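Asks: Here it is: the structure, laid out below.
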Amino acid sequence: MPSTSYAFATAYLKGEEARLITSEHVERMLSTANIQGVLEIIKDTDIGSYLIEVNPISFEDIDQALWVYLGRCLELLEGFRMLPAELLKILSAYRVKYDILNVKAALWGVTTGRRARMIPVGALQSCGLLDRLANAKNLDDIIESLAICNLGNYADILREHQEQLNEGTRSRLQVDARLDNEYYGNMRVVARESGDAPVFAKVLGIVIDLTNLQIISRAIIEGIGPEAANYAIGGGTMLSSAIITELLSLKLSDVLEKLDDIQYRDVAEEISSGYDSTKNIAVVAEIIDGHKFRLIKEILVPRVLSPIMMLYYLILKEAEIRNLRLILKAIFDGIPLGETKDYLVLAS
């Protein structure tokens, strides 16, 4: 590793980490009752100073502003000439997750005839094609946007499954799974080629496992059952395809018993109890995200002068935005902030 460039990267990313919203900020935010109070509490952070300048009025304003902020943070990183090429490669591969989310939204828009709402982050945004994607009238419009932006592998998947995209929700889920598998497959290649391959691969395996546990939990709740095995992502660490198929045949409350020897038992238990008490399927994603952050953080925190510093930075920024969205949405919806605390993920 070129020591000078990695030393610069370490100093810069640690400096950015110091300007994040902390657990102390969060505790103070949970005691306030309005948006201006929240903005006052976080004004000393990078994202707080940005939001004060934006002066958002509605939650939709805030939501859009937060994603614009994340996109600008990533574009700023891409512009640093002193960042090692390996860090930039991780950044480039990782942010495609937002392109996949936007493609899925565009497919929904084509199906319903409504303009899809896009997340202003990713390669399509950088290429200036996000509005074009949002206004796509048919599948060919989506495919063309992907091809122009050097995301041809995803365009090929859509071409292969044109008929399935017209066959209903479950066929759509299979196409979504193909897109996800392509994304994680590309990330596994980047992990293998990185200078910290074993750690990167371990983190990626945990992310895939927990994503699959989310798919399993939702499928059980929605009554899809074993068919959802077709929607699982390959490459996890502990949840093999055989285990996934077995879990899909169970009740939600029985899943945790099958995970006794796996570190995800606590996650499954929390999902089961959380859904039982709320009957809200959205708690599955909230619980999964919290555990995902905690498990990954434990692995990545000690890494310095390493290419996966970039991975940790990206996860921290996403967690920061997620926390703010939850807190501010609760304020707008009149939900007691104490009810959101269990779903927040804290970096410090």
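Asks: Can I get the semi-axes of region 141-286's equivalent ellipsoid? Compute them from the C-alpha gyration tensor as square roots of 5 times the eigenvalues, in angstrom, largest first.
Replies: Semi-axes (√(5λ), whole Å): 28, 21, 12.
Asks: Per DSSP helix of 4 or more residues, -39500 (n - 2.57); summed, then divided by the residues of the chain. What does that give at 222 nm, rounded to the nearest 500? Could the numbers behind the result be given before it?
Replies: Working: 18 runs with 234 residues, N = 348.
One gets -21500 deg cm²/dmol as the mean residue ellipticity at 222 nm.
Asks: So for the pair Glu257, Glu24, with labels modelled 7 Å out along Cα→Cβ, what separation do we get in nm?
Replies: If labels sit at Glu257 and Glu24, their model points lie 4.8 nm apart.
Asks: Right, here's the next one. Which value, in debye to the nearest 20, gives the size of the charge dipole of region 137-206 about its Cα centre, when Lys and Arg are +1 and Asp and Glu are -1 at the Cβ?
Replies: Details: 8 positive and 12 negative charges, 60 e Å.
Roughly 280 debye, rounded to the nearest 20.
Asks: OK, next. What list do you get for Thr211, Thr111 if you sort them by fewest beta carbons within 10 Å?
Replies: Thr111, Thr211
Asks: I need the shape label for the chain. Rule: rounded when a/c is under 1.5, else prolate if a/b > b/c, else oblate, with a, b, c from the alpha carbon gyration tensor.
Replies: Verdict is rounded for the chain.
Asks: While we're looking at this one, here's another question. For Ile143, Ile243, what ranking results if the residue with the fewest other Cβ atoms within 10 Å of its Cβ goes first?
Replies: Ile243, Ile143
Asks: Can you give the extra length, in nm with one decimal, that the chain gains between Gln162 and Thr237 once fully stretched, where that is 0.36 nm per residue apart less the Cα-Cα distance? Working shown, then result.
Replies: Working: separation 75, 0.36 × 75 = 27.00 nm, distance 3.19 nm.
This chain segment gains 23.8 nm when fully extended.
Asks: If each of Thr245 and Lys89 carries a label point 7 Å out from its Cα toward its Cβ, how far apart are those two points in nm?
Replies: Here the answer is 3.6 nm between the modelled labels.
Asks: List the cysteines in the chain whose Cβ has no other cysteine Cβ under 4.7 Å from it.
Replies: Among the cysteines of the chain, those whose Cβ sits 4.7 Å or more from every other are Cys73.
Asks: For region 5-92, max minus min Cα coordinate along each principal axis, in Å, sorted largest first?
Replies: Largest first, region 5-92 extends 44, 26, 18 Å along its Cα principal axes.
Asks: Something else now. What does a probe at Ala282 reach in region 22-47, counting residues whose amide N is under 17 Å from the point 7 Å along Cα→Cβ?
Replies: Residues passing the 17 Å test: none.
Asks: Okay, next question. What length, rounded to one decimal in nm, is gained on full extension from Lys341 through to Thr112, with 0.36 nm per residue of separation minus their alpha-carbon distance?
Replies: The span from Lys341 to Thr112 would gain 78.9 nm if fully extended.
Asks: With the Cα gyration tensor of region 93-185 in hand, convert its eigenvalues to equivalent ellipsoid semi-axes via √(5λ) and list them largest first in whole Å. Provide the component values of the computation, followed by the final result.
Replies: Working: eigenvalues 65, 48, 26 Å².
Ellipsoid semi-axes (Å, largest first): 18, 16, 11.
Asks: Turning to a different aspect of this structure: Express the relative contact order of the chain as a whole percentage, based on alpha carbon pairs under 8 Å and six or more residues apart in sequence.
Replies: Numbers: 378 pairs, mean separation 65.9, N = 348.
It comes to 19 percent, rounded to a whole number.
Asks: What is the gain in length, in nm to one decimal, between Glu17 and Asn230 on full extension, counting 0.36 nm per residue of separation less the C-alpha to C-alpha distance?
Replies: 72.8 nm is the gain from fully extending Glu17 to Asn230.
Asks: Using +1 on the beta carbon of Lys and Arg, -1 on that of Asp and Glu, and nothing else charged, what's the dipole of the chain about the Cα centre, debye to 20?
Replies: That gives the chain a dipole magnitude of about 500 debye.
Asks: So which residue, out of Val190, Val68, Val207, gets the largest mean-square fluctuation from a GNM of the chain using Cα contacts under 10 Å as springs?
Replies: With Cα springs under 10 Å in the chain, the top fluctuation among Val190, Val68, Val207 is at Val68.
Asks: Go ahead and run the numbers for FRET between Asp266 and Arg192, Cβ-Cβ distance against an R0 of 41 Å, rounding to 0.05.
Replies: According to the calculation, E is roughly 0.90.
Asks: Would you work out the relative contact order for region 197-302, in percent, from Cα pairs under 8 angstrom that are 6 or more residues apart?
Replies: Computed over region 197-302, the figure is 30 percent.
Where a number appears in this text, it was derived from the coordinates with a stated rule and is not lab data. Computed from a prediction, not measured in an experiment: that's the story for all the values here. Note that we place each Cβ from the backbone using ideal geometry, even for glycine, and neighbour counts take in every protein chain shown.
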